[in-house]
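The values are calculated or read from the model by the stated rules, or taken from the named source; none is laboratory data. Fair warning: this is a prediction, and the values are worked out from it, not measured in the lab. Cβ sites come from the backbone with ideal geometry, for glycine too, and all protein chains shown count toward neighbours. Remember, those area values only see protein heavy atoms, side chains included, never the ligands or the DNA or RNA. Shrake-Rupley method; radii C 1.70, N 1.55, O 1.52, S 1.80 Å.
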Amino acid sequence: MLSWLKKETNSSSATQERTLCDANNGQCVKIKCLQGQDSDCQRLREMGFSEDVEIEKLNDNHAILCKVCQTKVILSRQLAKNILISDEGDASMSEIKLLSELTEGHKATVHDFIEENDTCARLEEMGVTPGEPVEIIRYAPLGDPIEIRIRGYHLSLRKEEADLIQVTL
Amino acid sequence: MPETAVKNSIQTVVLAGNPNSGKTTVFNAFTKLRQKVGNYPGVTVEKKTGTLALAKDRIVNVIDLPGTYSLAVRSIDEQIARDVLLGRAPDTPKPDVVVCILDASNLERNLYLFTQIQDLKLPIVVALNMMDEAEAKGLTIDVDKLSKELGVPVVPMIATQNKGIEEIKQCIAEGVEARYERKWRMSPDLEEDVEHIVRLLKQHEGMDDNAAFSEAMSILSIGRPIASSKDSIKEFYKEEFLFQIQAIQDKLKKKGLRARSAAVEARYNWIKHVIKQSTTTEGDGTLALTDRIDAFVTHKIFGWLFFIGVMSIMFYLIFSIASYPMDLIDGLFAALGAWTESVMPPGILTDLIVNGVIAGVGGVVIFLPQILILFFFIGFFQDCGYMARAAFIMDRLMSKVGLHGKSFIPLLSSYACAIPGIMAARTIESSKDRLMTILVAPMMSCSARLPVYTVMIAALIPEASAWQKAGIMLGMYALGTAGVGVMAWFFKKTLLKHQKPIFIMELPPYRFPSFKAIMLQMADRSGMFLKRAGTIILAMSIVLWALMSFPKHDNLSAHDALQKSYAGQIGTMMEPAIKPLGFDWRIGIGLVGSFAAREVFVSTMNIVFNLDEEEEIESLRDAFQQATWPDGSPLFTPLVCIGIMVFFVFALQCLSTVAVVWRETGGWRWALFQLFYLTLIAYLAALAVYQGGRLLGYS
Ligand SMILES: Nc1nc2c(ncn2[C@@H]2O[C@H](COP(=O)(O)OP(=O)(O)OP(=O)(O)O)[C@@H](O)[C@H]2O)c(=O)[nH]1
Ligand SMILES: [Mg+2]
């Protein structure tokens, strides 16, 4: 059991680097660093996308529309993938919600558990650990269970379980 | 005048700044010229020169440059701007004064380029443009403080209302000196290394202070060993020097200093400080209306509906409103023809004037109203700020075929005319993407095809409603656009393999279009259209009339005489090649003529059927309906009408386009390749329509 968890953890640590593509529409994020070709990075920096700058993602329609230095800028998806973001800096700003409050397709990061009990320990064992990105795949017709994606695999949670998990957007 | 006085006085004023900051608006105000202004980045792609009268007898040259975000250039238009600023452009003198135009509502980003220009130690005047928008955003700028912080004169300005223009003229006339001392600083270690490189550059390359400094900065920010860089630097420098720089770069890497971003960050830090000192913001600094409109027009679904809706309305208006003035012009030319015939003695000259000139030129001029409406819409799009939004929603579709959002603006401009579209491709950074855009751009239906489509649609469905006509027209435009997609995809897979395209573009705020500017542009455009009608189309009409009227065969019927004429002989010779498309020799004559200019097809058809019929023809449409093959079967069947339109969608029948592609791609190879492949596609597509349609049982 532990061995697969380890493997999954490895592969997910690569995806843990969140890029501008992964941010939600309307979310304010901070740029952690830029990667990719130097000349591309240089132009991004010159347009105001430098490290530690806060940007707001406005719309995602393959190309990405965001606001930087009070200007709206369109970036192609490839370029947006070169912008690594962090929302730790503004975790205080982004609100904490329960996983069960999110709607289908939403992405969030696990923040903490509401209480310490066996269910939580078991969830933690399944890979639902703080700092891990999660995505709601779908709700079953009656709202229970909830299918989520975490660490690259799908997990079915009951509503009571999802109620225990705090997430940040 | 004593020589020193000439030397000291200013002769060349250069307008530089970020894209869309209002440079051309200022240029037009200075020079009273009418260069193109539009509300999207990348309108100007060439340097333009004009003259400005500073005082009664003091005339200076003004140069308008393409906009750029930085002197570290990435595309051709930016390179033009940099070369002029650095005094490297061969045909342009080094600037005596730079008017740096800043968008006051977006100072932070705009000041970045300013700091770079300042490093060149040129005399600078800052024009703080768009003060009205800064105010609307809740920004208050203390101009005196800003001027003190920047160390240069600052003139607040609203260029669209001509505010601040006189002040800045005065400022230039009084003379500006370049006092400058770099105020932004990087970390001490880096500063030391920059100094080191500057020393090396001065020593090895004999550069002066400024040039060496900017070169050193770019060496650091490019961040890779120069020896392996693609830039031409390698050819510039000596081996030993490259070696030393490599050592410095390695040292920086070991220390873990962020050398690449250091300069940018240092500049921005200084800019933030300046802005803090000189501006205050009330409110959240956003334009609420722009945001609300954007939420709608960039929406995944509504954005598309909006785009298609606007296009449909445009085509509807082209057919509905335009039909009244078109009938009027048609009537005028008919009356003119009848009057000429009545007052002039019958003979060759009358025949030339009535059947050649009036029928030929008149047949084209009547499309002026449609072209005006098309240009009104295109002008409106370009001026209100919608272009960049459309590029955003198009990116998903375009990336599927290997194009990207930035190609959208050149392609959309090609709906007006392929030539400005091909020029606009200069803003595309990657040379392969640019070439691909140039190669496919002529498939976007330009205004010269409008007359052909209109005539053929009328022949196809004589009693069509305006909505039906608009629908078919939209279909033709869509077909050309689809051709762009398919060919782009094909080129991407074969000739122009390339990594994933990357693009970044600024969205300007919506601005109320200046109707005066749109009207002026429409006037310019219709002037050009009429000039074409008066020159190339007139000349072609006369030539074709002559070819169709001679040699004279008095004893034959009109139809046979036409067929025996020179043009008729050419057409008959072509007939075997075009018969598979369902075209006869008369259409063949039209096709030959249309390679001079597309509209000539319409004028030629007018002449053909004026000469062909014994009777005066009522309209081209009726003549088309009556035209038959020798065996009596109708010539202009629906399939033939569609085939002609499809042929015109793809064929590159425009010499000026070939010439521009020749110039822009720097050789005849791509230009001729494009001419060849587009003609081939046009032929095959028309063939497919006719033969495919017949197989399916249509006629
Ligand atoms: N509100 C406002 N709009 C302005 C002002 N000056 C220019 N504009 C508008 O800004 C837009 C851009 O102006 P241009 O003169 O084409 O800008 P440019 O700097 O030449 O742009 P590029 O050629 O693309 O680099 C146009 O829509 C102008 O009407 C101003 O002072 N206030
Ligand atoms: Mg311009």
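Couple of notes before you dig in:
- Zero-based 5 Å bins, Cα pair distances in the range B:371-519, whole percents: 2, 9, 17, 20, 18, 14, 10, 6, 2, 0, 0
- Spin-label pair residue B:51-residue B:691: with each label point 7 Å from Cα along the Cα-Cβ axis, the two points sit 6.2 nm from one another.
- Residue B:564 accessible area, 1.4 Å probe, all protein chains in place, Å² to nearest 10: 110
- Between residue B:210 and residue B:310, residue separation times 0.36 nm minus the direct Cα-Cα distance comes to 30.9 nm.
- Within 10 Å of each Cβ in A:43-56, the average number of Cβ atoms from other chains: 5
- Within the range B:3-174, DSSP assigns beta bridges of which about 30% are antiparallel (rounded to the nearest 5).
- Calculated from backbone phi, Karplus (6.51, -1.76, 1.60) coupling profile of the range B:451-460 in Hz, x at Gly/Pro: x, 5, 4, 4, 4, 6, 5, 4, 6, 5
- Debye-sum result for the range B:591-699 in log10 I(q)/I(0), which assumes one identical scatterer on each alpha carbon, at q = 0.12, 0.15, 0.24 Å⁻¹: -0.54, -0.77, -1.28
- Dividing the convex hull volume of the alpha-carbon atoms in the range B:475-581 by its residue count gives 240 Å³ per residue.
- Among beta bridges from DSSP that stay inside the protein assembly as shown, the antiparallel ones total about 75%.
- The protein assembly as shown - Debye-derived log10 I(q)/I(0), Cα point model, q = 0.07, 0.08, 0.10 Å⁻¹: -0.69, -0.86, -1.15
- Counting only other chain Cβ atoms within 10 Å of each residue's Cβ, the peptide B:288-295 averages 1.
- DSSP-assigned coil residues among trypsin sites (Lys or Arg not before Pro) in the range B:471-544, each with at most 13 further Cβ atoms within 10 Å: B:497
- Counting all C-alpha pairs of the range B:508-652, share separated by more than 28 Å (%): 28
- Residue A:47 sits among other residues whose Cβ lies under 10 Å from its own Cβ, and their net charge, with Lys and Arg +1 and Asp and Glu -1, is +1.
- Cα centre as origin, Lys/Arg/Asp/Glu Cβ charges: chain B dipole, Debye: 2140
- Estimated FRET transfer efficiency when R0 is 51 angstrom, pair residue B:189-residue B:467 (beta carbons, to 0.05): 0.10
- Taking Lys and Arg as +1 and Asp and Glu as -1, the other residues whose beta-carbon sits under 13 Å from that of residue B:382 total +3.
- Relative packing of peptides B:400-406, B:347-353, B:518-524 - highest average C-beta neighbours within 10 Å first: B:400-406, B:518-524, B:347-353
- Ranked by the mean number of other Cβ atoms within 10 Å per residue, highest first, peptides B:600-610, B:436-446 order as B:600-610, B:436-446.
- A crude spin-label estimate for the pair residue B:490 and residue B:320, with each label 7 Å from Cα along the Cβ direction, gives 3.8 nm.
- DSSP finds beta bridges in chain B, and of those with both partners inside it, around 40 percent are antiparallel.
- Rg/Rg_ref, the range A:94-168, where Rg_ref = 2.2 N^0.38 Å and atoms are Cα: 0.96
- Relative contact order (percent, whole number), chain B, Cα cutoff 8 Å, 6+ residue spacing: 12
- Considering chain B at the alpha-carbon level, its Rg and Dmax are found to be 29.8, 98 Å.
- Average silhouette area of the range B:473-523, convex hull of alpha-carbon atoms, in square nanometres: 6.7
- Using a probe of 1.4 Å, the accessible surface attributed to residue B:529 totals some 10 Å² when neighbouring protein chains are kept in position.
- Partner chain coverage, peptide B:395-404 - average Cβ within 10 angstrom: 3
- Trypsin sites (Lys or Arg not before Pro) within the range B:37-145: DSSP coil, no more than 13 neighbouring Cβ in 10 Å: B:56, B:88
- Principal axis analysis of the Cα atoms in the range B:114-153 yields extents of 34, 16, 12 Å, listed in decreasing size.
- Computed from Cα atoms, the angle from the helix B:431-440 axis to the main principal axis of chain B rounds to 20 degrees.
- The range B:644-692 - Kirkwood radius from inverse mean 1/r over Cα pairs (Å): 11.3
- Mean residue ellipticity at 222 nm, helices only, the protein assembly as shown: -16500 deg cm²/dmol; runs of at least 4 DSSP H residues each add -39,500 (n - 2.57), and the sum is divided by the number of residues.
- Between 0 and 90°, nearest 10: helix B:515-532 axis offset from chain B longest Cα axis: 50
- Here residue B:492 is the anchor, and the aspartates and glutamates within straight C-alpha reach of less than 14 Å, apart from those fewer than 8 places off in the same chain, are B:433.
- Net length gained if the chain between residue B:339 and residue B:514 were fully extended (0.36 nm per residue, minus Cα distance): 58.8 nm
- Accessible-area ranking of B:465, B:70, largest first, probe 1.4 Å: B:465, B:70
- Volume in Å³ per residue [convex hull over Cα atoms, computed for the range B:3-174]: 115
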